[in-house]
């Protein structure tokens, strides 16, 4: 047998080998995947802007008309399509983020705006049910007074729950309670001074909502440093 033939037969054996494994050596852990960090926006400014805008429009028209009921048709657009829809969506987003108090407040006022707009929709016919010979009876105004008084109570409960939040929130809810009290009393009595007081207090409440909204999105990333709100005393927040 020639040397060339031996090389051809034994040469391929050099390509095979046996890998020995020490069974006592622990298996290295698999690399852990880093969880994906998702960033969520803060929906609260939208809710507070919607709250303040609806209240501001309603209060200005109430002062101009000296009567809550005469301004209702113009507030209908703001209350339904901005305040109602926006605040309801904000409430759902706040619930997803785990903010139970904010979710409850915004969703409740979203329902308030939607229901307030529905009071004066001709298709629902609530005002027509209290109309005799083309004149709306006092029973309708009494019903509006009860309606506002109930929402006044709900707002007062929110105020008690918000005492440890921030000054703008407490001021907004506090002036809202006072405004709804005056407007409810005006619906029962028809005294123009009560409507005037309710409109003025509502404007103050709307500015409190605007302050809270602007303080949340007038940040260093979006605005110049000289565009800042005046500081207010802020209590510890547990929301």
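The values are calculated or read from the model by the stated rules, or taken from the named source; none is laboratory data. Quantities reported herein were computed from a predicted structural model and do not represent experimental measurements. So basically every Cβ, Gly included, is an ideal-geometry build from the backbone, and we count neighbours across all protein chains shown.
Brief remarks on what is shown
- For the range 184-194, the criterion of being assigned to a loop (DSSP other than H, G, I, E, B) and surrounded by fewer than 20 Cβ atoms within 10 Å (Cβ to Cβ) is met by at least one residue.
- Flag if residue 215 is at pLDDT below 90, in contact with a helix residue (DSSP H, G or I) (Cβ under 9 Å, 6 or more places away or on another chain) and either under 22 Å from residue 65 (Cβ atoms) or assigned to a helix (DSSP H, G or I) (or both): yes
- Test result for residue 167, touching a helix residue (DSSP H, G or I) at 6+ places or on another chain (Cβ under 9 Å), farther than 30 Å from residue 39 by Cα and surrounded by 15 or more Cβ atoms within 10 Å (Cβ to Cβ): no
- Residue 225 vs. criteria modelled with pLDDT under 95, more than 19 Å from residue 65 (Cβ to Cβ) and within 19 Å of the chain's Cα centre (by Cα): no
- Residue check, residue 59 within 25 Å of residue 146 (Cα to Cα) and modelled with pLDDT under 85: no
- Flag if residue 63 is under 17 Å from residue 213 (Cβ atoms), over 10 Å from the mean Cα position of the chain (by Cα), touching a residue at least 40 places away in the same chain (Cβ under 8 Å) and part of a helix (DSSP H, G or I): no
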